[in-house]
Amino acid sequence: MATPPHNPTTEVHRLVSQGVIACLSSDPASFATLMDVVRALDLVDRDDLVDTALVVAAAPHLGGLWERGWSPLDVVHLVQHRFHRTLAAVMADIVLADGRLESPDRPAQWDDELAELRAGRRRKAPSRDEFGKLLDRFEMVRLVVGLPHVVAVVDPPSAWGSAPARTVPRHAITVEPRMLDRIRALLAKAESTTFDAEADAFMTKAQELMARYAIDAAMVQASASPQGLAAGVRARRVHIDDPYAPQKAQLLGVVAATNGAKVVWHDDFGAATVIGFDVELDLTELTFTSLLVQMTRSMAAAGGPGSRTRSPAFRRAFVLSFAVRIGERLDEAVHAARDEAGQTYGSALVPVQQAREAAVRERAAEWFPRTTPMRSRSVDAGGWHAGRLAADLAQIDRARAAVD
């Protein structure tokens with residue numbers, strides 16, 4: 001009987017399936033098997049076939065991941081954080097190939113996340129030897145399949161269609177659309193202007209509008225459901241890219257605190273979980289995204305080529321100082337909004353705010369019973385002062401009059 005011709009596609013699929021089983025095995029001999037698979041794939045020299053085969057072989061192993069609280073965007077961001085963009089694109093393909101996610105009961109938040117993955121673009125791999133890139137692919141699968149439990153920000157597939165959704169769609173608007181448009185317009189102006197006084201005026205006005213809106217929403221919610229506030233507290237994941245991700249997380253923390261939310265930073269995952277009510281979570285994300293744009297622009301303007309202001313130590317200090325000072329400035333805006341709201345709601349305002357703060361603390365303690373405060377090591381003095389200067393903008397009164 002004639003021997004069939006060699007089919008590289010079939011061989012690659014066989015080898016990749018064997019490699020996935022080996023990398024997920026706890027058998028000590030599995031490592032040697034994995035190395036044999038990688039060497040054989042290296043000889044085939046067909047990365048395109050390897051990625052296609054990896055999608056088919058790895059997708060069936062993702063089921064437990066969704067039940068442990070992870071979302072598709074969480075997983076892809078983690079891979080980019082630990083490896084690089086090319087492997088993140090491969091992981092996106094693996095997630096999209098998971099047949100368990102194709103359900104008529106799939107919530108809108110999952111629709112949004114999967115649509116975002118489909119819209120992504122694959123990037124060129126960094127320059128590395130082929131052997132190392134192949135090994136990274138199996139290491140990625142091993143890491144993802146073995147991820148621990150996290151606080152869920154989306155409902156797992158097991159809950160689809162069986163109970164009312166506990167979470168809201170990722171891009172749901174819980175702030176009144178007309179108010180949201182006003183806030184976004186102010187933030188866009190703050191991002192686009194090159195004049196510090198104008199940027200500060202737009203940012204301050206936006207924060208005052210957000211704070212007053214959040215207060216009004218809180219009073220409405222308190223009158224509608226005065227009991228069981230903790231049930232309305234949500235968790236939302238914010239993915240933060242390097243460089244200086246921990247310092248950016250501290251900026252997120254001060255913005256969240258200003259808006260009545262709490263932040264837990266997961267350093268290993270390059271992500272933060274924000275805990276709060278829907279309105280406060282929306283406003284925190286809006287403000288943080290805008291401030292990242294403004295901070296990046298200010299940091300770029302603070303130094304030139306070859307200058308020490310381009311050093312990592314300077315820029316880490318810049319981001320941290322910017323975060324601290326922005327927190328002080330946003331607090332000023334919130335206090336102004338609270339003083340104004342106090343004239344409307346009188347003595348009823350403080351108990352409602354205290355109850356909401358207690359509900360957020362209760363949920364944060366329940367979901368994250370073992371956390372430690374983030375501590376900053378010694379920082380570059382020049383970067384600290386430059387970051388504070390970027391956040392501590394002048395001529396507020398004159399510029400704010402123009403905004404009003």
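The values are calculated or read from the model by the stated rules, or taken from the named source; none is laboratory data. Keep in mind that this is a model prediction, so the values were computed, not measured. FYI the Cβ positions are ideal-geometry reconstructions off the backbone, even for glycines, and counts take in every protein chain you see. SASA here: full protein model, heavy atoms, side chains in, ligands and nucleic acids out. Shrake-Rupley method; radii C 1.70, N 1.55, O 1.52, S 1.80 Å.
Each residue in segment 133-171 was checked for being open to solvent by 30 Å² or more (accessible area, probe 1.4 Å) and modelled with pLDDT under 90, and 11 of them qualify. Considering segment 172-212, the residues that are at pLDDT below 75 and assigned to a loop (DSSP other than H, G, I, E, B) include one that is farthest from Gly64 (Cα to Cα), namely Val175. Output the residue which, of all residues in segment 271-298 that are under 21 Å from the mean Cα position of the chain (by Cα) and hydroxyl-bearing (Ser, Thr, Tyr), is modelled with the highest pLDDT. Selected residue: Thr273.
Summed over segment 246-261, the residues that are within 12 Å of the chain's Cα centre (by Cα) and free of Cβ contacts under 8 Å to residues at least 60 places away in the same chain give a count of 1. Here Ala301 clears all of (1) open to solvent by 40 Å² or more (accessible area, probe 1.4 Å); (2) aliphatic (A, V, I, L, M); (3) modelled with pLDDT of 90 or more; (4) farther than 26 Å from Arg212 by Cβ except the condition numbered (3).
Among the conditions (1) surrounded by 16 or more Cβ atoms within 10 Å (Cβ to Cβ); (2) closer than 21 Å to Gly120 by Cβ, the only one that Ser17 does not satisfy is (2). Taking segment 1-91 and the helices (runs of 4 or more DSSP H) fully enclosed by it, the elements with 2 or more residues that are within 20 Å of Leu101 (Cα to Cα) are at 47-58, 63-67, 72-82. Taking the criterion of being among the aliphatic types (A, V, I, L, M), in contact (Cβ under 8 Å) with a residue 60 or more places away in the chain and open to solvent by less than 20 Å² (accessible area, probe 1.4 Å), the residues of segment 199-239 that qualify are Ala199, Ala201, Met203, Ala206, Met210, Ala211, Ala214, Ile215, Ala218, Ala230, Val233, Ala235.
Number of residues in segment 20-39 that are open to solvent by less than 30 Å² (accessible area, probe 1.4 Å) and in contact with a helix residue (DSSP H, G or I) (Cβ under 6 Å, 6 or more places away or on another chain) equals 7. With the structure loaded, tell me whether Glu67 is within 17 Å of the chain's Cα centre (by Cα) and touching a residue at least 40 places away in the same chain (Cβ under 8 Å) or whether it fails that test. Criteria not met by Glu67. Within segment 270-294, the set of residues being of a type in the set (Ser, Thr, Tyr) and either surrounded by fewer than 23 Cβ atoms within 10 Å (Cβ to Cβ) or out of contact with any Gly (no Cβ under 9 Å at 6 or more places or on another chain) (or both) comprises Thr273, Thr287, Thr289, Ser290. Can you tell me which residue is nearest to the chain's Cα centre (by Cα) among those in segment 213-240 that are modelled with pLDDT of 90 or more and β-branched (Val, Ile, Thr)? Filtering segment 213-240 for residues that are modelled with pLDDT of 90 or more and β-branched (Val, Ile, Thr), the one nearest to the chain's Cα centre (by Cα) comes out as Val238.
Restricted to segment 309-355, and to residues that are more than 27 Å from the chain's Cα centre (by Cα) and buried (at least 18 other Cβ atoms within 10 Å of the Cβ), which residue is nearest to Ser290 (Cα to Cα)? Here the residue is Ala337.
Residues being touching a residue at least 24 places away in the same chain (Cβ under 8 Å), assigned to a helix (DSSP H, G or I) and touching a strand residue (DSSP E or B) at 6+ places or on another chain (Cβ under 8 Å) are represented in segment 352-360 by at least one member. Every test in (1) touching a strand residue (DSSP E or B) at 6+ places or on another chain (Cβ under 8 Å); (2) over 23 Å from Met299 (Cα atoms); (3) buried (at least 23 other Cβ atoms within 10 Å of the Cβ) is passed by Leu252 save one, and that test is (2). Exactly one residue out of Val20, Val16, Val56 is among the aliphatic types (A, V, I, L, M), within 23 Å of Leu147 (Cα to Cα) and in contact (Cβ under 8 Å) with a residue 60 or more places away in the chain, and it is Val20.
Could you tell me whether Val56 is β-branched (Val, Ile, Thr) and open to solvent by 50 Å² or more (accessible area, probe 1.4 Å)? Yes; evaluated as a whole, the condition is true for this residue. One residue alone among Asp242, Asp267 is open to solvent by 40 Å² or more (accessible area, probe 1.4 Å), of a type outside the set (Gly, Ala, Ser) and closer than 20 Å to Phe368 by Cα, and that residue is Asp267.
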